[in-house]
Amino acid sequence: MTLPAVRPVELAEIKEAQKRIAQTIVRTPLVRLELGADFPDIRLKLENLQPINAYKLRGAANAVAMLSESERKRGVWTISAGNAGQGVAYAARQAGVPCTVIVIETAPASKIERMRALGAKLILVPHEVAWRTLDEHAFPGVEGTLIHPFDDHNFVAGHATMGLEILEDAPNTAAVIAGIGGGGLIAGVGSAIKALRPEIKVWGAEPETAAPVALSFEKGSPQEFKDWKYSFVDGAGGRSVFPRMWERMKPVVDGVIVVSLEETRKAMRLMAEKTRIISEGAGALPLAAALTGKAGTGPIVCIVSGGNIDLKKFCELIDL
């Protein structure tokens with residue numbers, strides 16, 4: 001399969017995507033996290049308040065809206081640990097398009113149930129199979145148009161709309177931090193931020209158990225993370241960096257901050273205590289990264305990418 005060449009996401013495309021998805025997504029709030037004088041000035045971009053409780057709806061809504069009539073009839077499919085699947089299923093249902101999701105079998109039960117409730121046909125597979133499918137852009141027996149959960153230009157352009165909102169709501173932003181799984185979120189947000197305000201730092205955040213992008217920045221080329229381990233941070237931290245995503249991220253990302261699982265749990269608890277926000281592990285990575293001090297004193301915008309976590313699991317994790 002020949003994939004289209006990777007190209008930069010242009011500001012005009014981002015603005016068009018913003019209009020295109022306005023009726024599907026929520027323009028999420030940016031709230032200040034009050035921590036006191038000894039801490040960085042932190043704002044939380046609450047993407048956990050999207051209709052699917054995760055940012056992936058932005059990219060999915062844009063990608064589905066741009067399908068041709070024949071593609072709509074054939075249906076769409078995606079690969080997901082839960083949030084991309086919900087995003088594509090939600091946007092597809094709204095557009096009357098059939099949807100199949102290749103789901104990583106360790107995905108939280110709440111995410112699996114919600115994808116089913118949105119009318120998606122699910123095929124559960126091991127993590128290795130899903131990761132291979134992400135790389136190969138193909139899965140035997142599945143028909144329709146693949147809406148890749150990160151290596152898709154229209155998907156990335158949809159996520160970039162978040163960058164426009166951040167700059168409208170907090171023009172004095174000094175840094176933006178986004179968790180990295182496949183890289184679509186940070187590639188999109190970084191594209192918008194660097195197009196309008198190149199001096200603003202764009203940082204990635206990864207868990208210590210799965211930090212291939214940090215390793216790639218260290219080595220200067222896309223790397224595999226040999227010591228990859230599964231953790232509760234299931235929406236971020238890949239096994240490797242796909243070369244195409246490296247091309248997308250490298251021009252718009254300033255670096256990556258790696259945090260421990262303990263720091264991530266503490267960030268989840270802090271958000272629950274201070275702002276009554278339920279965040280999944282991946283959504284708490286940016287706050288954990290900001291609290292290390294490595295992104296400066298702020299104002300720092302931390303993207304709370306999602307809140308799709310089983311409540312019982314959430315309670316166990318924040319019971320420090």
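Note on the range 251-320 and the range 64-127: Cα centroid distance 26 Å, given to the nearest whole angstrom. For the range 155-168, the Karplus equation 6.51 cos²θ - 1.76 cosθ + 1.60, evaluated at θ = phi - 60°, returns couplings of 5, 5, 4, x, 5, 4, 4, 4, x, 4, 5, 4, 6, 5 Hz by residue, with Gly and Pro reported as x.
Taking all protein chains together, Leu196, Leu3 sort by accessible area into Leu196, Leu3, largest first [probe 1.4 Å]. Lys-Lys pairs in the range 1-140 that are eight or more residues apart or on separate chains and whose Cα atoms lie under 21 Å of each other come to 9. At q = 0.11, 0.15, 0.16, 0.17 Å⁻¹, work out log10 I(q)/I(0) for the range 136-212 with the Debye formula, treating every Cα as an identical point scatterer and leaving solvent out; two decimals please. At q = 0.11, 0.15, 0.16, 0.17 Å⁻¹ the computed log10 ratios are -0.35, -0.59, -0.65, -0.71. Between Leu311 and Leu49, the modelled label-to-label distance comes to 2.0 nm, taking each label 7 Å out from Cα in the direction of the beta carbon.
Measuring nothing but how far apart in sequence close Cα pairs (under 8 Å, 6+ apart) lie, relative to its length, the range 152-229 scores a relative contact order of 28 percent. Amide H contacts of Leu124 (H built 1.01 Å from N, in plane; Pro and chain starts excluded): Val103 sit under 5 Å, all sequence-distant by 5 or more or on other chains.
Within the range 213-253, none of the GluC sites (Glu not before Pro) combine a DSSP coil assignment with at most 11 other C-beta atoms in a 10 angstrom radius.
Can you give me the angle between helix 184-196 and the longest principal axis of the chain, using Cα atoms only, in degrees from 0 to 90, rounded to the nearest 10? Helix 184-196 and the main axis of the chain meet at about 60 degrees. For Phe39, Phe139, the ranking by accessible surface with the largest value first comes to Phe39, Phe139, using a 1.4 Å probe. Roughly how many Å is it from the Cα centre of the range 27-44 to that of the range 150-218, as a whole number? Going from one Cα centre to the other spans 18 Å.
Simple point charges give the picture: +1 on the Cβ of Lys and Arg, -1 on the Cβ of Asp and Glu, and for the range 79-147 a dipole about the Cα centre of about 320 debye.
Residues whose amide H comes within less than 5 Å of that of Ile277, counting only those at least five positions distant or on another chain, are Ala272 (H built at 1.01 Å from N in the peptide plane).
Rounded to the nearest 0.05, the FRET efficiency derived from the C-beta distance between Val6 and Glu168 at R0 = 30 Å is 0.60. Report the net charge of residues surrounding Val125, where surrounding means a beta-carbon distance below 15 angstrom and charges are Lys +1, Arg +1, Asp -1, Glu -1. Once all neighbours under 15 Å are counted, the net charge is -1.
Seen against the Cα atoms of the chain and their longest principal axis, helix 83-95 is set at about 50 degrees. Our summary gives the chain a relative contact order of 21 percent, counting only alpha carbon pairs under 8 angstrom and 6 or more residues apart. For the range 172-257, the tally of Lys pairs with Cα-Cα distances below 21 Å comes to 5, considering only residues 8 or more apart or on different chains.
For Arg32, the residues 5 or more places off, or on other chains, whose built amide H falls under 5 Å of its own are Leu44. This model, with +1 at the C-beta of Lys and Arg and -1 at the C-beta of Asp and Glu, gives the range 1-133 a dipole about its Cα centre of some 460 debye. Per atom type, the chain shows carbon and sulfur on 51% of its accessible surface, probed at 1.4 Å. The loop-placed GluC sites (Glu not before Pro) in the range 1-70, going by DSSP, that have at most 15 neighbouring Cβ atoms within 10 Å of their Cβ come out as Glu10, Glu34. Couplings for the range 43-58, taken from phi via the Karplus curve 6.51 cos²θ - 1.76 cosθ + 1.60 with θ = phi - 60°, read 10, 10, 8, 8, 6, 5, 8, 5, x, 9, 6, 7, 5, 4, 4, 4 Hz in order; Gly and Pro are left as x. Short-range pairs are left out: with C-alpha atoms under 8 Å and at least six residues apart, the relative contact order of the range 187-248 is 31 percent. Projecting the Cα atoms of Gly158, Ile180, Leu215 onto the charge dipole of the range 154-222 (Cβ charges, centred on the Cα centre) puts Leu215 farthest toward the positive pole. Calculated on C-alpha atoms, the gyration radius of the chain divided by its Kirkwood radius gives an Rg/Rh of 0.93. The loop-placed trypsin sites (Lys or Arg not before Pro) in the range 1-106, going by DSSP, that have at most 15 neighbouring Cβ atoms within 10 Å of their Cβ come out as Arg27.
Each of Pro51, Met271, Val233 was scored by the projection of its Cα onto the charge dipole of the chain, and the greatest displacement toward the positive side belongs to Pro51; charges sit on the C-beta of Lys, Arg, Asp and Glu. Only helices enter the 222 nm calculation for the chain: every DSSP H run of n ≥ 4 contributes -39,500 (n - 2.57), and dividing by all residues gives -13000 deg cm²/dmol, rounded to 500. Relative to the longest principal axis of the Cα atoms of the chain, the long axis of helix 281-290 lies at roughly 30 degrees.
The values are calculated or read from the model by the stated rules, or taken from the named source; none is laboratory data. Predicted model only: the values in this text are computed from it and were never measured. Because the Cβ atoms are built from the backbone with ideal geometry, glycine has one as well, and the counts that use them run over all protein chains shown. The protein model used for the area step is the full one, side chains on, heavy atoms only, and it has no ligands, DNA or RNA in it. Shrake-Rupley method; radii C 1.70, N 1.55, O 1.52, S 1.80 Å.
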